[in-house]
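J.: Would you mind keeping the following structure in view while I ask a few things?
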Amino acid sequence: MITLTNLSFASLALGAESAKSIWVVVSLLISIGLSGLIWRMWSAKAALLVMALFMGGIAQLWLTQPLYFVYLRLRPEGLGDLLAGGTLAAEAAIALIILIRSGAFSKIGAILAALGTGRIIALLALTAAVAATPMDLVPLGHTLPFVKRVIIACAVIGVHLLCVAALLSLPTPNRPTAKFPIWALALLATALSTGMAYGAFQALPHVEDEVAHLFQAKTFAAGALTAPAPPEALRPGLEYYLIDIVDERWFATTTPGWPAGLALGVWLGAPWLINPLLAGLAVLLTFALVSRLTDTRTAAVAAALTAVSPWMNSAAGSLMSHTLANALALFCWVALVLPAHTRTRALTLAFVGGAAMGWVFTMRQLDGLMLGVLTGIALLVYVRRNWGLARTVAYSAGCLFTGTFYFFYSWAMTGTLFMSPLTRYLAALWPAGANGYGFGPERGAPGDWGILDGVDGHSPFEGVMSVLQNSHSLNLDLLGWGIGSMILLWAALVWRKPGRLDALLWAAILIDVGAHAFYWFPGSYYIGPRYWFGMAVPVIVLCALGFRALEARLLTSGATQQAVTWTLVVLLTFSALIYVPWRGATKYLGFGRSTTEIRETNVPENALVFFSGDFDPGVALILNDPFLPDDQPIYLRSMDPTQDAAAAAAYPERPVVKIDLDR
């Protein structure tokens, strides 16, 4: 027997602190470099403002508690916090001085006339409404601390808005902004997502869903639906949430659509790479879709927002299903808006688009149902010429062609078309009705989830809290802007003249938000508001439309086209180079106590490895091949001496290795 005790979980905490320090240094260097470029391309004042905006943004993130309920710390906890507070004050002072010297305040009447006083107030009110989360305070009766949190958050937003306003007040830059080809934005999205996947997530599953997805992907990659059940003596050490053994079959209970796609990554030996590649594809599809629906400039803005979005890049860095679902929905909509000059082409594109949407259903049933039905209605209502009814029928047939795979898979796994493996698994594990939609005292997971689940049961009040928590999470992670990520979405609501496209996009958002308000868990604590990912494309498109509407108003108020474009480029640069790395360094590195130390420990190729320690066992268990071949190690959670001895006795020919990460 080999015992390894020279490992320490403390290295994970040290690694996270080191990553945050590196992030600060690199971010400061990026700020200096970008300011120098802005000085050359625009002006010294613009360079000073960009430096102030970036330094203020870095200071805000330094003061931000990044996990679960994100908020600004109200009390300084050292010299670093005091310096951060001073930096924000300096940003406000610089912005005010430049605004005064540029005469912007003398033009306030023209600005208000162009933008509309009431509309500005509405924009600021909507921004304030999502500036802070109430969920960890208000349900527990802590209303005053929540009010303080909102006031502080709004004050910081105000500081950044002053800086952005000062940038917009400056004369036209010396040179126009460079035009990035769409393929370059796609490569940027893939690069950012790859950095998150390998640098922040460390190519590891961090939550139970990812472990289950990867387990099933390995099974599918071997050409099987299930693996043979392991010997009885090994089962306690292999037990893990969402992975079940029924009738001597071993399998993950999650839906089949994403593991089927992830199996390609297993074949390639890099499952973590699939989502980053899909993130790049989503940029290309977004441009293709929006250019058909609107114009090239709006499409370019939408593609750029998609490329740098921390929400998108975090999802693509994980092993979750959201990025593939998003790419398939985009593919569906692109297929439906492509020119169709013949009946055969029109029906073929509709069927192919429907097949893509149907596969979304095999991964995420609620998203597939909502988006699929809404798309079918839009196709029937808005496409009255060019075989509208026939295209709707073809689209529906495509949806059924792939979507019914979910039911046949359920039948193969449970013997019943309408009982999925997950439904059967949770029915045995949880009280009746606990994981259902709707309100009631029985809703919610068994055990103590603390404030992550609010209070016991699920009520309309908790539904509102859930919406506000997800809205705040979206306001943070959609773009990572200090002025609020949803400000362009609100701009679309405030300044856009609504048309059919707006109505369809807002309908998708409201249906998604409303549907998930009936679910007991907000689902916003890992990769942003992940339950809302079905509305990611409508949100991005409306943000692009909101930017165009705001741009038109700003030009009327005296801002120049180049100043508006450069300001957007500066904000997008902050998203990509400051906020995305901050999320990776402060949240996802070691999230859920996931560690690479097990993976990096050399053990004999056929060893029986018993591991213990205060970390997520999924990062060790997922090293197993589901078929437990003789020439690969078997990783088992150490239970107790008797159980471990029984497991070792089942494989007397294998050397035993014990790893304890807490020693």
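The values are calculated or read from the model by the stated rules, or taken from the named source; none is laboratory data. Since the model is a prediction, treat every value here as computed from it, not as a measurement. Methodologically, a virtual Cβ is constructed for each residue, glycine included, from the backbone with ideal geometry; neighbour enumeration extends over all protein chains shown. Note: areas computed on protein heavy atoms with side chains; ligands, DNA, RNA excluded. Shrake-Rupley method; radii C 1.70, N 1.55, O 1.52, S 1.80 Å.
J.: How about the stretch 128-138: which of its residues are surrounded by fewer than 21 Cβ atoms within 10 Å (Cβ to Cβ) and among the β-branched types (Val, Ile, Thr)?
T.: Scanning the stretch 128-138 gives a single hit, 138.
J.: Can you confirm whether residue 433 is in contact with a Lys or Arg (Cβ under 8 Å, 6 or more places away or on another chain) and open to solvent by 20 Å² or more (accessible area, probe 1.4 Å)? Walk me through how you get there before you give the answer.
T.: Numbers: in contact with a Lys or Arg (Cβ under 8 Å, 6 or more places away or on another chain): yes; open to solvent by 20 Å² or more (accessible area, probe 1.4 Å): yes.
Yes: the conditions hold for residue 433.
J.: Suppose we filter the stretch 233-256 for residues that are β-branched (Val, Ile, Thr) and buried (at least 21 other Cβ atoms within 10 Å of the Cβ); how many remain?
T.: Step one: of the stretch 233-256, the residues β-branched (Val, Ile, Thr) are 243, 245-246, 253-255.
Right, trim to buried (at least 21 other Cβ atoms within 10 Å of the Cβ) and you get 243, 253-255.
Within the stretch 233-256, residues that are β-branched (Val, Ile, Thr) and buried (at least 21 other Cβ atoms within 10 Å of the Cβ) number 4.
J.: Out of the stretch 337-354, which residues are part of a helix (DSSP H, G or I) and open to solvent by less than 20 Å² (accessible area, probe 1.4 Å)? Walk me through it before giving the result.
T.: Restricting attention to the stretch 337-354, the residues satisfying the condition of being part of a helix (DSSP H, G or I) are 337, 343-354.
Those that are part of a helix (DSSP H, G or I) and open to solvent by less than 20 Å² (accessible area, probe 1.4 Å): 346, 350, 353, 354.
J.: Give the stretch 199-218 a look and list any residue that's farther than 11 Å from residue 251 by Cα, part of a helix (DSSP H, G or I), open to solvent by 20 Å² or more (accessible area, probe 1.4 Å) and in contact with a helix residue (DSSP H, G or I) (Cβ under 9 Å, 6 or more places away or on another chain), or say none.
T.: 199, 208
J.: Out of 523, 528, which single residue is in contact (Cβ under 8 Å) with a residue 40 or more places away in the chain, in contact with an Asp or Glu (Cβ under 6 Å, 6 or more places away or on another chain) and farther than 30 Å from residue 43 by Cβ? Give the steps one after another, and end with the answer.
T.: Details: 523 fails: in contact with an Asp or Glu (Cβ under 6 Å, 6 or more places away or on another chain).
Being in contact (Cβ under 8 Å) with a residue 40 or more places away in the chain, in contact with an Asp or Glu (Cβ under 6 Å, 6 or more places away or on another chain) and farther than 30 Å from residue 43 by Cβ holds for just one of 523, 528, which is 528.
J.: With in a loop (DSSP other than H, G, I, E, B) and open to solvent by less than 40 Å² (accessible area, probe 1.4 Å) as the only criterion, which of 230, 259 stands out?
T.: Working: 259 fails: in a loop (DSSP other than H, G, I, E, B).
Among 230, 259, only 230 is in a loop (DSSP other than H, G, I, E, B) and open to solvent by less than 40 Å² (accessible area, probe 1.4 Å).
J.: Keeping to the stretch 372-399, report how many residues are open to solvent by 20 Å² or more (accessible area, probe 1.4 Å) and in a helix (DSSP H, G or I). Don't jump to the end; show me each part of the working.
T.: Taking the stretch 372-399 and keeping what is open to solvent by 20 Å² or more (accessible area, probe 1.4 Å), we get 373-374, 377, 380-387, 389-390, 393, 396-397, 399.
Remaining after also requiring in a helix (DSSP H, G or I): 373-374, 377, 380-382, 389-390, 393, 396-397, 399.
Counting residues in the stretch 372-399 that are open to solvent by 20 Å² or more (accessible area, probe 1.4 Å) and in a helix (DSSP H, G or I) gives 12.
J.: Follow-up question, since we're still on this one. Scan the stretch 73-107 residue by residue and report those that are of a type in the set (D, E, K, R), open to solvent by 30 Å² or more (accessible area, probe 1.4 Å) and under 17 Å from residue 153 (Cα atoms).
T.: We begin by selecting, within the stretch 73-107, every residue of a type in the set (D, E, K, R); these are 73, 75, 77, 81, 91, 101, 107.
Now restrict to residues that are open to solvent by 30 Å² or more (accessible area, probe 1.4 Å): 73, 75, 77, 101, 107.
Answer for the stretch 73-107, where residues must be of a type in the set (D, E, K, R), open to solvent by 30 Å² or more (accessible area, probe 1.4 Å) and under 17 Å from residue 153 (Cα atoms): 73, 75.
J.: Collect the residues in the stretch 604-623 that are crowded, with 20+ Cβ neighbours inside 10 Å and without any contact (Cβ under 8 Å) to a residue 40 or more places away in the chain, keeping them in residue-number order.
T.: Result: 620, single match.
J.: Which of the following residues is open to solvent by 50 Å² or more (accessible area, probe 1.4 Å) and modelled with pLDDT of 85 or more: 61, 53, 48? Reasoning before the result, please.
T.: On the way: 61 fails: open to solvent by 50 Å² or more (accessible area, probe 1.4 Å); 53 fails: open to solvent by 50 Å² or more (accessible area, probe 1.4 Å).
After applying the criteria, what remains is 48.
J.: Could you list, in sequence order, all residues of the stretch 484-508 that are open to solvent by less than 20 Å² (accessible area, probe 1.4 Å) and not in a helix (DSSP H, G or I)?
T.: Listed by number, the residues that qualify are 484, 485, 486.
J.: Follow-up. Take the conditions in contact with a helix residue (DSSP H, G or I) (Cβ under 9 Å, 6 or more places away or on another chain), closer than 30 Å to residue 168 by Cβ and at pLDDT below 95 and apply them to residue 554. Does it pass? Explain how you work it out, then say what you get.
T.: Working: in contact with a helix residue (DSSP H, G or I) (Cβ under 9 Å, 6 or more places away or on another chain): yes; closer than 30 Å to residue 168 by Cβ: yes; at pLDDT below 95: yes.
Answer is yes for this residue.
J.: Among residues belonging to the stretch 400-414 that are open to solvent by 30 Å² or more (accessible area, probe 1.4 Å) and aliphatic (A, V, I, L, M), point out the one that is nearest to residue 356 (Cα to Cα).
T.: Filtering first and then ranking leaves 400.
J.: Follow-up. Between 329, 279, 300, which is aliphatic (A, V, I, L, M) and surrounded by fewer than 21 Cβ atoms within 10 Å (Cβ to Cβ)? I'd like the intermediate steps shown before the answer.
T.: Details: 329 fails: surrounded by fewer than 21 Cβ atoms within 10 Å (Cβ to Cβ); 279 fails: surrounded by fewer than 21 Cβ atoms within 10 Å (Cβ to Cβ).
Result of the check over 329, 279, 300: 300.
J.: Consider residue 577 against the criteria (1) in contact with an Asp or Glu (Cβ under 7 Å, 6 or more places away or on another chain); (2) modelled with pLDDT of 90 or more; (3) open to solvent by 50 Å² or more (accessible area, probe 1.4 Å): it satisfies all of them except one. Which criterion is unmet?
T.: Going through the list (1) in contact with an Asp or Glu (Cβ under 7 Å, 6 or more places away or on another chain); (2) modelled with pLDDT of 90 or more; (3) open to solvent by 50 Å² or more (accessible area, probe 1.4 Å), residue 577 breaks only (1).
J.: Oh, and also: Listed residues 255, 194; which is of a type in the set (Val, Ile, Thr), touching a helix residue (DSSP H, G or I) at 6+ places or on another chain (Cβ under 8 Å) and more than 18 Å from residue 328 (Cα to Cα)?
T.: 194
J.: What tally of residues in the stretch 483-529 results from selecting those that are in contact with a helix residue (DSSP H, G or I) (Cβ under 8 Å, 6 or more places away or on another chain) and under 18 Å from residue 70 (Cα atoms)?
T.: Count: 12.
J.: Does at least one position in the stretch 298-312 carry a residue that is without any contact (Cβ under 8 Å) to a residue 24 or more places away in the chain and part of a helix (DSSP H, G or I)? Spell out how you get there, then give the answer.
T.: Going residue by residue through the stretch 298-312, those that are without any contact (Cβ under 8 Å) to a residue 24 or more places away in the chain are none.
No, the stretch 298-312 contains no residue that is without any contact (Cβ under 8 Å) to a residue 24 or more places away in the chain and part of a helix (DSSP H, G or I).
J.: May I ask you to list the residues in the stretch 530-585 that are under 19 Å from residue 64 (Cα atoms), in contact with a Pro (Cβ under 8 Å, 6 or more places away or on another chain) and of a type outside the set (Val, Ile, Thr)?
T.: Within the stretch 530-585, 575, 579, 582, 583 qualify.
J.: Something else now. Just to be sure before I move on: is residue 522 under 24 Å from residue 588 (Cβ atoms) and at pLDDT below 95 in the structure I sent? Even if it seems obvious, please write down each step before you answer.
T.: Working: under 24 Å from residue 588 (Cβ atoms): yes; at pLDDT below 95: yes.
Yes; evaluated as a whole, the condition is true for this residue.
J.: Give the residues of the stretch 145-193 that are outside any helix (DSSP H, G or I) and among the β-branched types (Val, Ile, Thr), sorted by residue number.
T.: Within the stretch 145-193, 172, 177 meet the criteria.
J.: Need pairs with beta-carbon distance below 7 Å; first residue free of Cβ contacts under 8 Å to residues at least 60 places away in the same chain and assigned to a helix (DSSP H, G or I) and within the stretch 453-480, second of a type in the set (Val, Ile, Thr) and open to solvent by 10 Å² or more (accessible area, probe 1.4 Å); sequence gap 6+ or separate chains.
T.: 467/513
J.: Could I ask something else about it? What single numbered condition from (1) in contact with a His (Cβ under 7 Å, 6 or more places away or on another chain); (2) aliphatic (A, V, I, L, M); (3) more than 29 Å from residue 182 (Cα to Cα) fails to hold for residue 243?
T.: Against the list (1) in contact with a His (Cβ under 7 Å, 6 or more places away or on another chain); (2) aliphatic (A, V, I, L, M); (3) more than 29 Å from residue 182 (Cα to Cα), residue 243 comes up short only on (1).
J.: Mind checking which residues of the stretch 451-483 are over 24 Å from residue 131 (Cβ atoms) and exposed (fewer than 15 other Cβ atoms within 10 Å of the Cβ)?
T.: Restricting attention to the stretch 451-483, the residues satisfying the condition of being over 24 Å from residue 131 (Cβ atoms) are 456-459.
Hit for the stretch 451-483 is 456, nothing else.
J.: State the number of residues belonging to the stretch 187-198 that are of a type in the set (Gly, Ala, Ser) and either modelled with pLDDT under 90 or open to solvent by 10 Å² or more (accessible area, probe 1.4 Å) (or both). Write out each step before concluding.
T.: Looking only at the stretch 187-198, we keep the residues that are of a type in the set (Gly, Ala, Ser), and these are 189, 191, 193, 195, 197.
The next check asks that each one be either modelled with pLDDT under 90 or open to solvent by 10 Å² or more (accessible area, probe 1.4 Å) (or both); those that pass are 191, 195.
Qualifying residue count for the region: 2.
J.: Could you tell me whether residue 315 is open to solvent by less than 10 Å² (accessible area, probe 1.4 Å) and part of a helix (DSSP H, G or I)?
T.: Against the criterion (open to solvent by less than 10 Å² (accessible area, probe 1.4 Å) and part of a helix (DSSP H, G or I)), residue 315 qualifies.
J.: Still on this structure: How about the stretch 139-172: which of its residues are hydroxyl-bearing (Ser, Thr, Tyr), touching a residue at least 24 places away in the same chain (Cβ under 8 Å) and surrounded by fewer than 18 Cβ atoms within 10 Å (Cβ to Cβ)?
T.: So in the stretch 139-172, the residues hydroxyl-bearing (Ser, Thr, Tyr) come out as 143, 169, 172.
From the residues that got through so far, the ones that are touching a residue at least 24 places away in the same chain (Cβ under 8 Å) too are 169, 172.
Passing the criteria: only 172.
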